[in-house]
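Chemist: Take this structure, written in structure tokens, and hold onto it; I'll ask about it next.
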Amino acid sequence: MRRNIIRIDEDLCTGCGQCIPDCPEGALQLIEGKARLVSDLFCDGLGACIGTCPEGAISVIEREAEPYDEWAVMRMIVSQGEAVISAHLAHLAMHDQMDLYQQAIVYLQEHDIPIPYHEEGPQQSLCDPADCPGAATRSISPDEYAGEETSIPSDTGSELRQWPVQLRLINPAAPCFDNADLLVSADCVPFAYRNFHADFLKNRILVIFCPKLDADIEGYTQTMAEIVTYHTLRSILVVHMEVPCCSGLRYVVERALEEAGVDMPIEEMTITIEGGVR
């Protein structure tokens with residue numbers, strides 16, 4: 001049949017992988033340094049991956065293709081967990097694909113799989129994370145802020161090496177993670193520990209989240225698993241507060257390593273409420 005389906009221009013594709021997380025259906029994979037459409041069955045032709053391609057290598061065309069198979073997509077993604085299912089349902093709803101949406105819901109019901117929370121239709125938002133300029137991936141040179149005047153006294157400069165740092169906004173395929181020393185920090189740590197930049201952040205790539213207040217822990221685990229799958233890390237340092245709920249930070253990292261099949265040590269530091277280290 002003829003239908004809409006994505007096309008990837010291999011000459012333009014740099015293999016950055018930014019399109020991969022935006023295809024919850026799993027139609028895209030990085031193969032031999034290029035994004036590839038691995039199955040017509042999994043591509044719905046709605047083009048969610050287009051907006052995150054910085055090179056404009058992805059477009060939607062009409063061609064002969066196997067019909068999109070929602071049942072096959074659901075069989076594939078349910079094993080990837082609640083966050084991926086939620087992203088897929090939200091994707092269908094946002095594009096008003098209610099026939100496919102109902103097929104997905106029926107699949108979950110027939111297989112006794114809980115229907116996860118997800119956006120149920122177009123939402124008015126001041127800034128969607130996928131489109132937000134503040135979430136654009138960027139590397140930061142150590143001397144980028146050299147010479148800038150500030151009215152705030154400081155003992156040292158910023159040691160931040162990349163942006164964004166919130167795990168919800170991070171692209172797990174970003175090149176900053178290549179051969180990196182990874183710092184996984186609880187949100188409150190930089191406020192409680194005065195020398196956070198010099199003692200923990202220096203020469204490390206930063207990921208932050210809150211294991212108590214952030215709802216999408218399964219999604220965070222999946223993103224962390226993708227980071228350690230796509231990249232070879234030199235080390236992982238987990239820094240959290242002394243309160244019991246904050247220890248969930250290490251739990252997420254351990255689960256991510258397990259899901260990715262990666263065996264590497266985790267260094268762990270605990271910060272007290274008073275700002276000490278133990």
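The values are calculated or read from the model by the stated rules, or taken from the named source; none is laboratory data. Here the structure is a predicted model, which is why all the values come from computation and not from measurement. Counting neighbours? That spans all protein chains shown, and the Cβs are built from the backbone with ideal geometry, glycine included. Ligands, DNA and RNA are stripped out before the accessible areas are found, and what is left, the full protein with its side chains, is counted by its heavy atoms. Shrake-Rupley method; radii C 1.70, N 1.55, O 1.52, S 1.80 Å.
Chemist: Across region 251-274, which residue is surrounded by the fewest Cβ atoms within 10 Å (Cβ to Cβ) among those that are part of a helix (DSSP H, G or I) and in contact (Cβ under 8 Å) with a residue 24 or more places away in the chain? I'd like the intermediate steps shown before the answer.
Modeler: Step one: list which residues in region 251-274 are part of a helix (DSSP H, G or I), which gives 251-260.
This time we only want the ones that are in contact (Cβ under 8 Å) with a residue 24 or more places away in the chain, so: 251-253, 255-257, 259-260.
Working: Tyr251: 13, Val252: 23, Val253: 24, Arg255: 17, Ala256: 22, Leu257: 21, Glu259: 17, Ala260: 18.
Ranking the candidates gives Tyr251 first.
Chemist: Give the residues of region 168-202 that are closer than 30 Å to Leu30 by Cβ, touching an Asp or Glu at 6+ places or on another chain (Cβ under 8 Å) and either of a type in the set (Lys, Arg) or modelled with pLDDT under 95 (or both), sorted by residue number. Even if it seems obvious, please write down each step before you answer.
Modeler: Our first condition is that a residue be closer than 30 Å to Leu30 by Cβ; within region 168-202, this holds for 168-185, 201.
Applying the additional criterion that residues be touching an Asp or Glu at 6+ places or on another chain (Cβ under 8 Å) yields 168, 172-173, 201.
Within region 168-202, Arg168, Pro172, Ala173 meet the criteria.
Chemist: Could you identify the single residue in Ala104, Ala130, Ala83, Ala65 that is surrounded by 11 or more Cβ atoms within 10 Å (Cβ to Cβ), touching a helix residue (DSSP H, G or I) at 6+ places or on another chain (Cβ under 6 Å), among the hydrophobic types (A, V, I, L, M, F, W, C) and at pLDDT below 80?
Modeler: Working: Ala104 fails: at pLDDT below 80; Ala130 fails: touching a helix residue (DSSP H, G or I) at 6+ places or on another chain (Cβ under 6 Å); Ala65 fails: at pLDDT below 80.
So the residue among Ala104, Ala130, Ala83, Ala65 that is surrounded by 11 or more Cβ atoms within 10 Å (Cβ to Cβ), touching a helix residue (DSSP H, G or I) at 6+ places or on another chain (Cβ under 6 Å), among the hydrophobic types (A, V, I, L, M, F, W, C) and at pLDDT below 80 is Ala83.
Chemist: Please find, within region 61-109, the residue that is farthest from Pro21 (Cα to Cα) out of those that are assigned to a helix (DSSP H, G or I) and hydroxyl-bearing (Ser, Thr, Tyr). Before you say what the answer is, go through the steps one by one.
Modeler: To start, the set of residues in region 61-109 that are assigned to a helix (DSSP H, G or I) comprises 70-80, 82-94, 98-109.
When the remaining residues are screened for being hydroxyl-bearing (Ser, Thr, Tyr), the result is 79, 86, 101, 107.
Details: Ser79: 16, Ser86: 13, Tyr101: 20, Tyr107: 23 Å.
Only one residue fits best here, namely Tyr107.
Chemist: Please specify each residue of region 184-220 satisfying the condition of being in a loop (DSSP other than H, G, I, E, B) and either open to solvent by less than 50 Å² (accessible area, probe 1.4 Å) or over 28 Å from Gln80 (Cβ atoms) (or both). Please lay out each step first, then the result.
Modeler: The first filter runs over region 184-220 and keeps only residues in a loop (DSSP other than H, G, I, E, B), leaving 187-188, 193-195, 202-204, 210-216.
Within region 184-220, Asp187, Cys188, Tyr193, Arg194, Asn195, Lys202, Asn203, Arg204, Cys210, Pro211, Asp214 meet the criteria.
Chemist: Still on this structure: Keeping to region 48-62, report how many residues are buried (at least 16 other Cβ atoms within 10 Å of the Cβ) and either over 20 Å from the mean Cα position of the chain (by Cα) or at pLDDT 80 or above (or both).
Modeler: Of all residues in region 48-62, those buried (at least 16 other Cβ atoms within 10 Å of the Cβ) come to 48-49, 52-53, 57-58.
Those left that are additionally either over 20 Å from the mean Cα position of the chain (by Cα) or at pLDDT 80 or above (or both): 49, 53, 57-58.
Adding up the residues that qualify gives 4.
Chemist: Check Asp11 against each of (1) closer than 18 Å to Leu92 by Cβ; (2) out of contact with any Ser or Thr (no Cβ under 9 Å at 6 or more places or on another chain); (3) charged (D, E, K, R) and name the one condition it does not meet.
Modeler: (1)
Chemist: Got at least one residue in region 216-223 being modelled with pLDDT of 95 or more and under 30 Å from Gly33 (Cβ atoms)?
Modeler: Our first condition is that a residue be modelled with pLDDT of 95 or more; within region 216-223, this holds for none.
The answer is no, given that none of the residues of region 216-223 is modelled with pLDDT of 95 or more and under 30 Å from Gly33 (Cβ atoms).
Chemist: Is there a residue in region 42-57 that is without any contact (Cβ under 8 Å) to a residue 24 or more places away in the chain and either among the hydrophobic types (A, V, I, L, M, F, W, C) or assigned to a loop (DSSP other than H, G, I, E, B) (or both)? It would help to see each step written out before you state the result.
Modeler: Filtering region 42-57 for residues without any contact (Cβ under 8 Å) to a residue 24 or more places away in the chain gives none.
No, every residue in region 42-57 fails to be without any contact (Cβ under 8 Å) to a residue 24 or more places away in the chain and either among the hydrophobic types (A, V, I, L, M, F, W, C) or assigned to a loop (DSSP other than H, G, I, E, B) (or both).
Chemist: Additional query: Tell me yes or no: at least one residue of region 222-229 is in contact with a Gly (Cβ under 8 Å, 6 or more places away or on another chain), in a helix (DSSP H, G or I) and crowded, with 21+ Cβ neighbours inside 10 Å.
Modeler: Yes, the conditions are met somewhere in region 222-229.
Chemist: Can you tell me which residue is modelled with the lowest pLDDT among those in region 24-47 that are open to solvent by less than 30 Å² (accessible area, probe 1.4 Å) and either over 29 Å from Asp112 (Cα atoms) or of a type in the set (Val, Ile, Thr) (or both)?
Modeler: Among residues in region 24-47 that are open to solvent by less than 30 Å² (accessible area, probe 1.4 Å) and either over 29 Å from Asp112 (Cα atoms) or of a type in the set (Val, Ile, Thr) (or both), the one modelled with the lowest pLDDT is Gly47.
Chemist: Still on this structure: Looking only at region 237-250, count every residue that is in a helix (DSSP H, G or I) and either surrounded by fewer than 14 Cβ atoms within 10 Å (Cβ to Cβ) or among the charged types (D, E, K, R) (or both) and tell me the total.
Modeler: First, the residues of region 237-250 that are in a helix (DSSP H, G or I): 244-250.
Filter once more, keeping what is either surrounded by fewer than 14 Cβ atoms within 10 Å (Cβ to Cβ) or among the charged types (D, E, K, R) (or both): 244-245, 250.
Matching residues across region 237-250 total 3.
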